[in-house]
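A quick write-up on the structure given underneath.
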Amino acid sequence: MPELAYLNGKFMPIESAMVPIEDRGYQFGDAVYEVIASYEGKLFCVEEHLDRLERSMRELAFPPVSRDEVRDTLFELFKRSGFSRAGIYIQVSRGVAVRNHPFPETSTPQIVMTVREVSEVPQEYRENGISVITMTDFRWGRCDIKTVQLLPNTIAKQRAIEAGVYDTIFVTEAGVVREATSSNLFVVKNGILITHPLTENILAGITRMVVIDLCRELDLPVEERFYSTDEMFDADEAFLSGTTTEVLPIVQIDEKIIGDGKIGPIASRLSAVLQRRGLESG
Ligand SMILES: Cc1ncc(COP(=O)(O)O)c(C=O)c1O
């Protein structure tokens with residue numbers, strides 16, 4: 001099965017896809033992206049991802065890009081790959097221009113895409129839960145825009161790996177809990193789910209939104225509000241949500257065991273229901 005790229009109107013093997021060195025995404029991180037996954041040959045939440053991509057581009061005043069063209073291209077790339085469980089990466093940069101800080105007066109956004117098979121979270125983590133650490137959020141003030149400026153996220157993830165755990169949760173100096181390096185965070189206390197509200201400090205995760213919808217259907221109360229590290233450590237359950245992360249239960253944060261140290265009933269239920277929703281999509 002081919003891992004493919006799309007670039008400048010052409011489909012090709014990923015290794016053959018090259019962008020010019022003066023692409024503003026490369027020199028300034030002036031690019032936005034999306035990751036869309038499929039379940040059993042059907043892409044999940046395409047329009048929601050396209051909505052967010054458009055919003056990211058709008059927030060950064062990118063020249064217009066045709067939504068229909070992006071959609072047609074990603075479906076074509078997906079079809080050509082033949083993958084049942086695909087992860088499609090879409091990146092749009094402001095374009096190629098002589099290196100200079102101001103936005104170029106004219107530039108054509110550069111769209112690149114790749115398709116690979118989803119690199120799955122190991123089943124053992126899904127069944128037994130993961131451990132995470134916390135770290136001060138040192139990202140910029142517009143984490144709601146899905147830009148490729150992910151250096152702080154990569155440093156935080158690397159720190160987790162070096163600590164022998166799965167991921168890192170960003171928290172503020174004042175002890176407000178934000179999100180993980182590539183997923184959102186939910187905690188559960190006395191049957192109520194709590195997650196950070198949609199502000200400029202977190203990404204509006206598509207999976208976060210789907211989880212909240214599922215909670216509504218299942219009559220599980222959700223509070224979108226700020227919460228502290230103390231509340232997080234004292235939670236009965238905690239879990240990450242993300243496109244390929246799905247719902248991933250957390251059993252330890254720093255030194256603190258969450259709940260009884262086993263994956264909680266609400267996280268397990270949501271994990272199963274989310275996977276079913278993905279399989280039924282299309
Ligand atoms: C910082 C951050 N938060 C949350 C998410 C989860 O978003 P989604 O559910 O749309 O994958 C991501 C996904 O990449 C992310 O990078």
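The values are calculated or read from the model by the stated rules, or taken from the named source; none is laboratory data. Everything numeric here is computed off the predicted structure, so don't read it as measured data. Because the Cβ atoms are built from the backbone with ideal geometry, glycine has one as well, and the counts that use them run over all protein chains shown.
Scan the stretch 209-217 and give yes if some residue there is more than 16 Å from the ligand (Cβ to nearest atom) and modelled with pLDDT of 95 or more, otherwise no. Yes, the stretch 209-217 has at least one match. Scanning the stretch 1-36 for residues that are crowded, with 20+ Cβ neighbours inside 10 Å and either β-branched (Val, Ile, Thr) or in contact with a Gly (Cβ under 7 Å, 6 or more places away or on another chain) (or both) yields 24, 31, 32, 36. Checking the structure you have, find out if any residue of the stretch 183-198 is in contact with a Gly (Cβ under 8 Å, 6 or more places away or on another chain) and either over 20 Å from residue 269 (Cβ atoms) or within 15 Å of the ligand (Cβ to nearest atom) (or both). Yes, the stretch 183-198 contains a residue that is in contact with a Gly (Cβ under 8 Å, 6 or more places away or on another chain) and either over 20 Å from residue 269 (Cβ atoms) or within 15 Å of the ligand (Cβ to nearest atom) (or both).
Taking the stretch 57-165 and the helices (runs of 4 or more DSSP H) fully enclosed by it, the elements with 3 or more residues that are under 23 Å from residue 40 (Cβ atoms) are at 67-81, 123-128. On the stretch given as the stretch 221-271, residues that are out of contact with any helix residue (DSSP H, G or I) (no Cβ under 8 Å at 6 or more places or on another chain) and of a type in the set (Gly, Ala, Ser) total 7. Here residue 228 fulfils each of the conditions (1) over 16 Å from residue 273 (Cβ atoms); (2) surrounded by 14 or more Cβ atoms within 10 Å (Cβ to Cβ); (3) within 15 Å of the ligand (Cβ to nearest atom) apart from (3). In the stretch 1-23, the residues that are over 16 Å from residue 70 (Cα atoms) reach residues that are surrounded by fewer than 10 Cβ atoms within 10 Å (Cβ to Cβ) with C-beta atoms within less than 8 angstrom, at least six apart or across chains, in these pairs: 22/98. When we screen 274, 279 for residues that are within 11 Å of the ligand (Cβ to nearest atom), within 26 Å of residue 90 (Cβ to Cβ) and either assigned to a helix (DSSP H, G or I) or not basic (Lys, Arg) (or both), the only hit is 274. Evaluate the stretch 140-159: report whether one residue or more is among the aromatic types (Phe, Trp, Tyr) and either in contact with a helix residue (DSSP H, G or I) (Cβ under 7 Å, 6 or more places away or on another chain) or buried (at least 17 other Cβ atoms within 10 Å of the Cβ) (or both). Among the residues of the stretch 140-159, not one is among the aromatic types (Phe, Trp, Tyr) and either in contact with a helix residue (DSSP H, G or I) (Cβ under 7 Å, 6 or more places away or on another chain) or buried (at least 17 other Cβ atoms within 10 Å of the Cβ) (or both), which makes the answer no. Can you tell me which condition residue 41 does not meet? The list is (1) under 18 Å from residue 94 (Cα atoms); (2) surrounded by fewer than 19 Cβ atoms within 10 Å (Cβ to Cβ); (3) over 17 Å from the mean Cα position of the chain (by Cα), and all the others hold. Evaluating residue 41 over (1) under 18 Å from residue 94 (Cα atoms); (2) surrounded by fewer than 19 Cβ atoms within 10 Å (Cβ to Cβ); (3) over 17 Å from the mean Cα position of the chain (by Cα) leaves (1) as the failure.
Quick grid of which residues meet (1) closer than 23 Å to residue 145 by Cα; (2) in contact (Cβ under 8 Å) with a residue 60 or more places away in the chain:
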| site | (1), (2) |
| --- | --- |
| 188 | no, yes |
| 235 | no, no |
| 240 | yes, yes |
| 264 | no, yes |
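Check whether at least one residue in the stretch 119-130 is within 15 Å of the ligand (Cβ to nearest atom) and within 24 Å of residue 32 (Cβ to Cβ), and report yes or no. Checking the stretch 119-130: at least one residue is within 15 Å of the ligand (Cβ to nearest atom) and within 24 Å of residue 32 (Cβ to Cβ).
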